[in-house]
Each structure stands twice: as C-alpha cells, then as structure tokens.
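Read through the structure below, which is laid out as structure tokens, and then see the notes.
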Amino acid sequence: MKIRPQVVKNTKKSQRSWRVLGIETSCDETAVSILRVQGSAVRVDKNLVSSQIPIHQMYGGVVPEVAARAHVVELIALLDQALGKTYMKRVDAIAVTHGPGLATALRVGLEAARCLAAVSGKPIVGVNHLEGHIASSWLNAANRRQWKFPLLALIVSGGHTELIFIKDFCEYSLIGQTRDDAAGEAFDKSAKLMGLPYPGGPQIARAALNGDSSAFALPRPMLHDGAFDFSFSGLKTAVRQTWEALSIDQREARRADLAASTQQAIVDVLVTKTILAAHQTKVRGVLLVGGVSANRALRERLGEAIKRDLRGVSFLPSDIRYVTDNAAMIAAAGAWHLQRGDAHDWKKMDVDPELDLF
Ligand code: KG4
Ligand code: ZN
C-alpha cells in the first residue's frame, strides 16, 4: 500500500522545510539522524553514530547477535538525544534501513521506527542500505549542484562492491559486482592476516603510508577482462602466501610494504573498472561511496583518472563523515522516496536481509 504524505508534496506552495528522522542499524553502527529538506536545499541537523567497533574488535569481526543487543541499548539513547523533549513533534517523516544487512540488527531499527510511526501517525519509508550509500554523495552541496543523470556509483563497503547505473532518482540497474569478497573484506581479511586489528581498511591505509606499493607483485584479478565484475578472493590468498613466506623477523619490517602493495592492487582494479564502465555507459558523473571510499589513495586515484580519461564527467565522492554507515544517508534516500509518494504501511513492514536494489 502506498501512502502519499501530504507533508512532502512537491508543489511550489509547499516548499516549506520538512524533517526526516533517519534510523540505521544494519550492521555494526547504530545511527540516528535528522535531515531537513526545503526544495532542493538539504541540511543535516543531527547526525549521531555509535560505533560498535571496540566491541567487535574482541572477536575480530562482527558477531550478529552481539551487534543486535548493542543496537537495542544504543538506539534508545541516540533517539532520546536526537529528538529531545519535542519527541516526534518536530519530525515529519521516518526513514529506516530495512535491508540488506544482518537480520537481527536490522530488526532493532525497524521495530523502533515502526513504533514511532504507529504512535506519531507520521509517514514511514523503508530504505535499502545501498541506496543510502548512494544518497550519501547527495548530502554534499557541491555534488548536488553537479547532479546530472545518468550517473554511475561505485559502492565499496565491508559487504558490497558494486557498480550501479543511476538513470534517475530511485531508478537503478546493476553494471557489475563482486563474485566473492567485497573490497572492504579484502582490506579487512588481508589486515587480519598481517596481524592488524579490525576493521582492517584504515589499518592498511595507515601502514601503507610508510610502504612501497611496488614491493610485492600481487594479482589484479579480472583487471583486463573488459567486464565489470570483481573478484578479490585470489588477492587475499596471495597476501596470505606472501605473508607466510616471510620469516617472523621479516614480517614486522615488511608489513608496510605488503599493506601498500595490497592497497595498490585493490585500488587498481576498482579504478580501472569504474573508468571503463563510466566510459561505456556515457554517464555524466561518478559517485564514490561506502566505507572503503574513506581510502585516500582510492579517492585520489579515481578523481585523477576521471579528470584525465573522462571529459566533462564530474567526480562525486561523498564527504568523509558520510562514507561509513550513518543515518543521514538513510534519511536522504528516504526523502527521495517520500517525495515520490513511496511511503510504506508500518503494519506491513518487515526486514529483508537480502533486499535487492534492482
Ligand atoms: O560502509 P561501511 O561502514 O559498512 C558496510 O556497509 O559494510 O564499510 C566498512 C568497510 C570496512 O571493511 C572497513 O575496513 C572499510 O570500510 N574502510 C576502509 C577505510 N575506512 C573504512 N577501507 C580502506 N581504507 C580506509 N581508509
Ligand atoms: Zn554500509
């Protein structure tokens, strides 16, 4: 059932500002945000994120049941902090991640959002987490000014590596994806092999600063196959073999070189395929979003390659503060859908850990 929320009807007269409450609990970040929208202007009023990284570091990765329990405690605190005494009065609509992600973790955010919708009577919309990452680029005002369809998004996170063609707001098709590990997983697993803590991406990036990226010849899987799928599991195996071939004494001294070489291999593949896909699909802008887009080498290399190889194509990376999971991006994608009249009926909403975007 579709409910068209009057509050976001996009007529000239109703260009008053309206606020979307965003809720995100799909993995290991509990996040609540309040996004203010007025015509084409957007402002993030609140962006609260409580990371569970210190908890999951003890296990070397995310444990779903532990994540869900932590979300329960943190979400109530963040909602209280974001909404304050005015409760739901200053919020016009709710956007919540309903998939993909960890089932028990998603459930915490969804049930809280459904409760708020039920007692407040405000419209609610379920948001695809990947669409949230896409919308994170749109939170940047300079990006919004260059937002001309069609666009291409490279989504690189702990669970996803996808090239997505964006025909218009909320209209997507898949260009390519990973056949095994995601780019973030390649970073995380390689870091673990090298004795670096979770999450491995930032650790590899830091170690790589002091390393030589050409020190080890690591594979660039599927680099020149002319297609847009990725594969990172072979790289992980090569990193393991290289690390294990080093003596215990050598490992400490060569860690930076191996980190730099690993990062270079991942970045090479991501940049080459993205440029080829952007060229073939004739897009007008390229989005770089998701946790791995925090990687400075990736941001720089992709930005340079677009400038050099794709005339007239804008580079639209999301701001560093919105690359890892947050609720401002969920509220933004929710606002797109609410403006189209895509609100959901809270009574019928459910989580979908495998939710598709296409
Ligand atoms: O988007 P995100 O917060 O969560 C998912 O939806 O998965 O992405 C988390 C991923 C982790 O794999 C983490 O290692 C990676 O993003 N990451 C990085 C960097 N910062 C975070 N990878 C490479 N370089 C970084 N600087
Ligand atoms: Zn994410």
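The values are calculated or read from the model by the stated rules, or taken from the named source; none is laboratory data. Computed from a predicted model, the values in this text were never measured in an experiment. All Cβ positions, glycine included, derive from the backbone under ideal geometry; neighbour counts span all protein chains shown. With ligands, DNA and RNA removed, areas are computed over all heavy atoms of the protein, side chains included. Shrake-Rupley method; radii C 1.70, N 1.55, O 1.52, S 1.80 Å.
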Item checked: Unique residue being within 14 Å of ligand 1 (Cβ to nearest atom), more than 17 Å from Arg255 (Cβ to Cβ), in contact (Cβ under 8 Å) with a residue 24 or more places away in the chain and touching an Asp or Glu at 6+ places or on another chain (Cβ under 7 Å) when the list is Gly158, Gly201, Gly176, Gly184 -> Gly158
Next item on the list: Residues being under 18 Å from the mean Cα position of the chain (by Cα), more than 12 Å from ligand 2 (Cβ to nearest atom) and open to solvent by 20 Å² or more (accessible area, probe 1.4 Å): count how many of those fall in region 284-302.
Entry: 3
Note to self: Among (1) outside the structural domain of Ser233 (by TED's automatic domain parsing); (2) modelled with pLDDT under 95, there is one condition Val96 misses while meeting the rest; what is its number?
What the structure shows: (2)
Margin query: Checking Leu298 against (1) farther than 25 Å from Pro150 by Cβ; (2) part of a helix (DSSP H, G or I); (3) within 16 Å of ligand 1 (Cβ to nearest atom), only one condition comes out false. Which one?
Written below: (1)
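Can Val156 be described as over 22 Å from His337 (Cβ atoms) and within 16 Å of ligand 2 (Cβ to nearest atom)? It would help to see each step written out before you state the result.
Numbers: over 22 Å from His337 (Cβ atoms): yes; within 16 Å of ligand 2 (Cβ to nearest atom): yes.
Yes: the conditions hold for Val156.
Condition check: in contact (Cβ under 8 Å) with a residue 60 or more places away in the chain, of a type in the set (Val, Ile, Thr) and under 20 Å from Ser51 (Cβ atoms). Does Val96 satisfy that? Please lay out each step first, then the result.
Details: in contact (Cβ under 8 Å) with a residue 60 or more places away in the chain: yes; of a type in the set (Val, Ile, Thr): yes; under 20 Å from Ser51 (Cβ atoms): yes.
When the stated conditions are applied, Val96 passes them.
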Next item on the list: Please specify each residue of region 37-95 satisfying the condition of being in a helix (DSSP H, G or I) and loosely packed, with under 13 Cβ neighbours inside 10 Å.
Entry: Pro54, Gln57, Glu65, Val73, Asp80, Gln81, Gly84, Lys85, Thr86
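Which one of these is assigned to a helix (DSSP H, G or I) and either more than 16 Å from ligand 1 (Cβ to nearest atom) or surrounded by 24 or more Cβ atoms within 10 Å (Cβ to Cβ) (or both): Arg308, Arg321? Steps first, answer last, please.
Numbers: Arg321 fails: either more than 16 Å from ligand 1 (Cβ to nearest atom) or surrounded by 24 or more Cβ atoms within 10 Å (Cβ to Cβ) (or both).
Going through Arg308, Arg321 in turn, just one is assigned to a helix (DSSP H, G or I) and either more than 16 Å from ligand 1 (Cβ to nearest atom) or surrounded by 24 or more Cβ atoms within 10 Å (Cβ to Cβ) (or both): Arg308.
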Notebook entry, point to check: Which of the residues belonging to region 303-331 are within 14 Å of ligand 2 (Cβ to nearest atom) and under 22 Å from Ala93 (Cα atoms)?
Noted result: Tyr322, Asp325, Asn326, Ala327, Ala328, Met329, Ile330
Next item on the list: Kindly establish whether Val313 is within 16 Å of ligand 1 (Cβ to nearest atom), surrounded by 20 or more Cβ atoms within 10 Å (Cβ to Cβ) and without any contact (Cβ under 8 Å) to a residue 60 or more places away in the chain.
Entry: no
Next item on the list: Those residues that are open to solvent by 20 Å² or more (accessible area, probe 1.4 Å) and under 16 Å from Ala153 (Cα atoms), I need them from region 324-353; list them, please.
Entry: Thr324
Next item on the list: Name every residue in region 227-251 that is touching a residue at least 60 places away in the same chain (Cβ under 8 Å) and part of a loop (DSSP other than H, G, I, E, B), in order of residue number.
Entry: Phe228, Phe232
Next item on the list: Of all residues in region 250-282, count the ones that are open to solvent by 10 Å² or more (accessible area, probe 1.4 Å), over 19 Å from Pro221 (Cα atoms) and not hydroxyl-bearing (Ser, Thr, Tyr).
Entry: 11
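Give me the residue from region 11-29 that is among the acidic types (Asp, Glu) and modelled with pLDDT of 90 or more and, out of that set, surrounded by the fewest Cβ atoms within 10 Å (Cβ to Cβ).
Filtering region 11-29 for residues among the acidic types (Asp, Glu) gives 24, 28-29.
So of that shortlist, the ones also modelled with pLDDT of 90 or more come out as 24, 29.
Working: Glu24: 30, Glu29: 21.
Taking the candidates together, the pick is Glu29.
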